[in-house]
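Student: Right, I'll just put the structure down here and ask away after.
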Amino acid sequence: MTQARHSTSQHQATHLEKGLGLKDAIALVVGTIIGTGIFLKAAIMTQTAGSIAAVMLAWVVAAVLSLLGALCYAELGSRMPESGGEYVFLKKGWHPAAGFLYGWTRFWIGSPSAISAYAAGSAAFAAGFMNVDAVGGKTVFAITLVWIFTVINCFRVNYGGKVQVALTILKIGLIVSIAAGVFILSPAGDWAHFTSGPDMTFENLVAPSFGAAVLAALWAFDGWNNMPMAAAEIRDGQRNVPKALITGIGIVTLMYVIANLAWFYGVHYDEIITSNSTKFKDALPVASKAVLPFMGQSGVAFVSAAFVLSAIGAMNGSILTSARVPWAMARDGLFPNWMAKLNPATHVPVRAILIQGVCATLLAASGTFDQLTDYVVFSSWIWYAMAAASLFRLRKIDDNFQGYRIKWFPLVPILFIASSLWLMLQAIYSNPVACAIGAVIIMAGIPVYLWLSKNKSRPPTVDLAS
């Protein structure tokens, strides 16, 4: 009997545990998307788009594009409810090399830079209500956050899921309460603010500046693709992955509309364009300016705390989901075999999570994560477009699939692919150097893939290591 139990433990240690329900999956979508952009992007978008109406339209365009992508991923996730996300979609829909190159950039740069950016953003805003301004204090605070949530996600996946649900509910509550306070209590609030500043013209909408505003909004929506990376740990993934993606995008869109209506209601156009951004690094964020008239400096501290909670919620979701990509690659022999091993007690890829934490720590300490993020924005939309395009091939292979299927096929993937190509052109136009470096990073993975695929071996089926 003891031997049988030991054998069962060994078997379970090689399989991810289905510890996440629909509520957890929705929280992963919402919590990973809503991070820092909801508090910051209104300023840069107003500076680039030129008018408040154009900014609101840019948010709508970004929401529609994200929904189109989520619909494509909903069918992909339903067809392949496995951990790994785009790695699995690209591997099965195109070629293992495509999946590897995605995972290559995601593991070394994409995930660590996003995690470190959330941590550093949290540290910067923690200065509004905590004493973290000492020399090196913000860096230490950021690294501490990375490791707190890295350790949390080394426990069973349902622990990380519960943390994600709690942080997501809390951040939604804070955003709604801040917006309600601006609408109800702000003496500076005025619907006339929406007509302040330049008028929106057709020339504005076809100019590269509007495309730049849409890109900024899409950065705030980024993260909708993360949840399918943990699909194998979601109960009834064939049904719940699509439900969570579509429901999550709807909730995020509602939150962004409510928040931006509040910012523009509470703050005049001239104040918005001089809020915290690349041009005005020392200025207050637009959200802080919105609460200042009725809450004073305590309002600034309150918004700072909300920002920190929002950022760490996104960071937790990113840590939980992203570590499943190298785990899936290692299972296929395309990453070191030891990274494919699961902890026998928690059934999660602890080694992949810890390596991810080390990479994020190095970036947080170096302060280069923002630049690295610029490099992978361009490549991200290449993978999104390729994943959506794989649906055409997958439907030919198995057109009798009984799971979730896009109703408006092929219109939805065609529109999403066309939009992705347009965004890539916009990115090349606005930041050609970063796009070129991003392409070089992808290409650097080709010789690595060729070497690994020639020498790959299957990982061991049992792991008794901790």
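Student: Out of all the residues in the range 358-373, is one or more touching a Gly at 6+ places or on another chain (Cβ under 9 Å) and part of a helix (DSSP H, G or I)?
Tutor: So the first thing to find is which residues in the range 358-373 are touching a Gly at 6+ places or on another chain (Cβ under 9 Å), and the list is 372-373.
Next, from what is left, pick out any that are part of a helix (DSSP H, G or I): 372-373.
Among the residues of the range 358-373, at least one is touching a Gly at 6+ places or on another chain (Cβ under 9 Å) and part of a helix (DSSP H, G or I), which makes the answer yes.
Student: Quick check on residue 296: is it part of a helix (DSSP H, G or I) and modelled with pLDDT under 90? Before you say what the answer is, go through the steps one by one.
Tutor: Details: part of a helix (DSSP H, G or I): yes; modelled with pLDDT under 90: yes.
The answer is yes for residue 296.
Student: Further, regarding this structure: So which residues in the range 390-407 are part of a loop (DSSP other than H, G, I, E, B) and either at positive phi or surrounded by fewer than 16 Cβ atoms within 10 Å (Cβ to Cβ) (or both), if there are any at all? First the steps, then the outcome.
Tutor: Going residue by residue through the range 390-407, those that are part of a loop (DSSP other than H, G, I, E, B) are 398-407.
The answer is 398, 399, 400, 401, 402, 405, 407.
Student: β-branched (Val, Ile, Thr), part of a helix (DSSP H, G or I) and surrounded by fewer than 24 Cβ atoms within 10 Å (Cβ to Cβ), is that true of residue 303?
Tutor: Considered against the rule, which asks whether it is β-branched (Val, Ile, Thr), part of a helix (DSSP H, G or I) and surrounded by fewer than 24 Cβ atoms within 10 Å (Cβ to Cβ), residue 303 comes out as no.
Student: Just a yes or no: is a residue in the range 195-216 in contact with a strand residue (DSSP E or B) (Cβ under 6 Å, 6 or more places away or on another chain), small (Gly, Ala, Ser) and part of a helix (DSSP H, G or I)?
Tutor: Let us first name the residues in the range 195-216 that are in contact with a strand residue (DSSP E or B) (Cβ under 6 Å, 6 or more places away or on another chain), namely none.
The answer is no; no qualifying residue exists.
Student: I want to confirm something. Restricting to the range 408-430 and keeping residues that are assigned to a helix (DSSP H, G or I) and of a type in the set (Phe, Trp, Tyr), which single residue is farthest from residue 79 (Cα to Cα)? Walk me through how you get there before you give the answer.
Tutor: First, the residues of the range 408-430 that are assigned to a helix (DSSP H, G or I): 411-430.
Right, trim to of a type in the set (Phe, Trp, Tyr) and you get 416, 422, 429.
Values: 416: 19, 422: 27, 429: 36 Å.
Looking at residues that are assigned to a helix (DSSP H, G or I) and of a type in the set (Phe, Trp, Tyr), I get 429.
Student: Here's a follow-up. Picking from 188, 134, which residue would you name as being assigned to a loop (DSSP other than H, G, I, E, B), modelled with pLDDT of 90 or more and either farther than 30 Å from residue 335 by Cα or aliphatic (A, V, I, L, M) (or both)?
Tutor: Values: 134 fails: modelled with pLDDT of 90 or more.
That would be 188, the only listed residue that is assigned to a loop (DSSP other than H, G, I, E, B), modelled with pLDDT of 90 or more and either farther than 30 Å from residue 335 by Cα or aliphatic (A, V, I, L, M) (or both).
Student: Let me ask something else about it. Which condition does residue 364 not pass, out of (1) over 26 Å from residue 334 (Cα atoms); (2) modelled with pLDDT of 85 or more; (3) surrounded by fewer than 17 Cβ atoms within 10 Å (Cβ to Cβ), if it passes all the others?
Tutor: (3)
Student: Go through the range 294-335 and count every residue that is in contact (Cβ under 8 Å) with a residue 40 or more places away in the chain and on the phi > 0 side of the Ramachandran plot.
Tutor: So the count comes out to 1.
Student: Right, next: Check residue 283 against each of (1) touching a Ser or Thr at 6+ places or on another chain (Cβ under 7 Å); (2) among the hydrophobic types (A, V, I, L, M, F, W, C); (3) surrounded by fewer than 24 Cβ atoms within 10 Å (Cβ to Cβ); (4) part of a helix (DSSP H, G or I) and name the one condition it does not meet.
Tutor: Result: residue 283 passes all but (4).
Student: Among the residues of the range 225-239, what is the count of those that are out of contact with any strand residue (DSSP E or B) (no Cβ under 6 Å at 6 or more places or on another chain) and surrounded by fewer than 24 Cβ atoms within 10 Å (Cβ to Cβ)?
Tutor: The qualifying residues number 4.
Student: Related question: I'd like the full set of residues that are surrounded by fewer than 17 Cβ atoms within 10 Å (Cβ to Cβ) and either in contact (Cβ under 8 Å) with a residue 12 or more places away in the chain or not hydrophobic (A, V, I, L, M, F, W, C) (or both), limited to the range 248-257. Give the steps one after another, and end with the answer.
Tutor: The initial filter retains those residues of the range 248-257 that are surrounded by fewer than 17 Cβ atoms within 10 Å (Cβ to Cβ), namely 250, 254, 257.
Scanning the range 248-257 gives 250, 257.
Student: Moving on to the next point. Which one of 117, 142, 123 is within 30 Å of residue 334 (Cα to Cα) and in contact with a helix residue (DSSP H, G or I) (Cβ under 9 Å, 6 or more places away or on another chain)?
Tutor: Numbers: 142 fails: within 30 Å of residue 334 (Cα to Cα); 123 fails: within 30 Å of residue 334 (Cα to Cα).
117 is the lone residue from the list that is within 30 Å of residue 334 (Cα to Cα) and in contact with a helix residue (DSSP H, G or I) (Cβ under 9 Å, 6 or more places away or on another chain).
The values are calculated or read from the model by the stated rules, or taken from the named source; none is laboratory data. Given the structure is predicted, the values throughout are model-derived calculations rather than measurements. Cβ: placed from backbone, ideal geometry, glycine included. Neighbour counts: every protein chain shown.
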